[in-house]
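The values are calculated or read from the model by the stated rules, or taken from the named source; none is laboratory data. As the structure is a computational prediction, the values presented were derived from the model and not from experiment. Glycine also receives a Cβ, built like all others from the backbone with ideal geometry; neighbour counts cover every protein chain displayed.
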Amino acid sequence: MIIRKATPNDAEPIANHILLAMEDMVYSYIGQKDYQLAKDFLMRFIKRENNQYAHENCVVAEDEGQVMGSVNLYDGARLKELRQPVIDYIRKHYNKDLHLEDETHAGEIYIDSLGVSPIHQGKGVGFKMLNFLIGEVVIKNKQTLGLLVDEHHPNAKKLYLKVGFKTVGKKILLGNSFEHLQIKAGLKL
């Protein structure tokens with residue numbers, strides 16, 4: 001298994017992985033519960049640059065040419081800038097004025113989503129991807145890595161705690177409650 005920067009060609013598996021992590025949220029963006037429409041919506045942004053879901057903000061785990069998992073992450077200081085093209089598109093194409101709470105902030109490299117294909121779950125792919133990111137972001141670059149975990153996903157939280165994340169607070173996003181977890185440089189892992 002290799003972990004590498006994503007390319008526009010990875011858009012379809014990345015969209016599937018993002019939907020595993022936040023399907024209901026994407027449905028609320030587009031105003032309907034339609035998997036293919038949600039996937040097409042995400043693929044549009046993954047293939048482009050300078051937005052929240054852009055391939056340039058993703059890493060993928062690949063084995064024998066198959067993308068098994070992906071992580072979408074970016075500097076929290078850029079949230080508003082990266083989110084704006086998504087909000088503008090939603091406003092124009094879905095006639096929806098979306099007001100989202102800030103899920104991250106400056107001083108944090110934010111994992112927006114992490115997803116592993118169902119056939120590869122339970123095989124350590126997510127664990128390896130998180131350890132790769134901790135090595136790159138926290139250990140090598142001395143930055144804080146953060147994420148939100150839905151309180152209804154205890155297995156995801158268990159994984160994050162296992163690799164060294166700590167709870168730093170709670171956040172509400174689109175009416176749902178999340179735990180805010182971080183791992184900081186200089187802390188013992």
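Annotations
- The set of residues in segment 142-159 being at pLDDT 95 or above and more than 15 Å from the chain's Cα centre (by Cα) consists of Lys142, Gln143, Thr144.
- Residues that are farther than 21 Å from Leu37 by Cα, surrounded by fewer than 20 Cβ atoms within 10 Å (Cβ to Cβ) and touching a helix residue (DSSP H, G or I) at 6+ places or on another chain (Cβ under 8 Å) within segment 4-27 comprise Lys5, Thr7, listed in sequence order.
- Boolean, Tyr35 is of a type in the set (Phe, Trp, Tyr), farther than 23 Å from Ile119 by Cα and free of Cβ contacts under 8 Å to residues at least 24 places away in the same chain: no
- Screening Thr144 with (1) free of Cβ contacts under 8 Å to residues at least 60 places away in the same chain; (2) within 21 Å of Ala38 (Cα to Cα); (3) in contact with a Lys or Arg (Cβ under 7 Å, 6 or more places away or on another chain) gives one miss only, at (2).
- Residues of segment 25-35 classified as assigned to a helix (DSSP H, G or I) and at pLDDT 95 or above, total: 1
- Output for segment 36-68, where each listed residue is farther than 12 Å from Ile18 by Cβ, of a type in the set (S, T, N, Q) and assigned to a loop (DSSP other than H, G, I, E, B): Asn50, Asn51
- Candidates Val86, Val71, filtered to the one that is β-branched (Val, Ile, Thr) and in a helix (DSSP H, G or I): Val86
- Verdict on Arg91 being within 21 Å of Ile46 (Cβ to Cβ), in contact (Cβ under 8 Å) with a residue 24 or more places away in the chain, of a type in the set (D, E, K, R) and assigned to a helix (DSSP H, G or I): no
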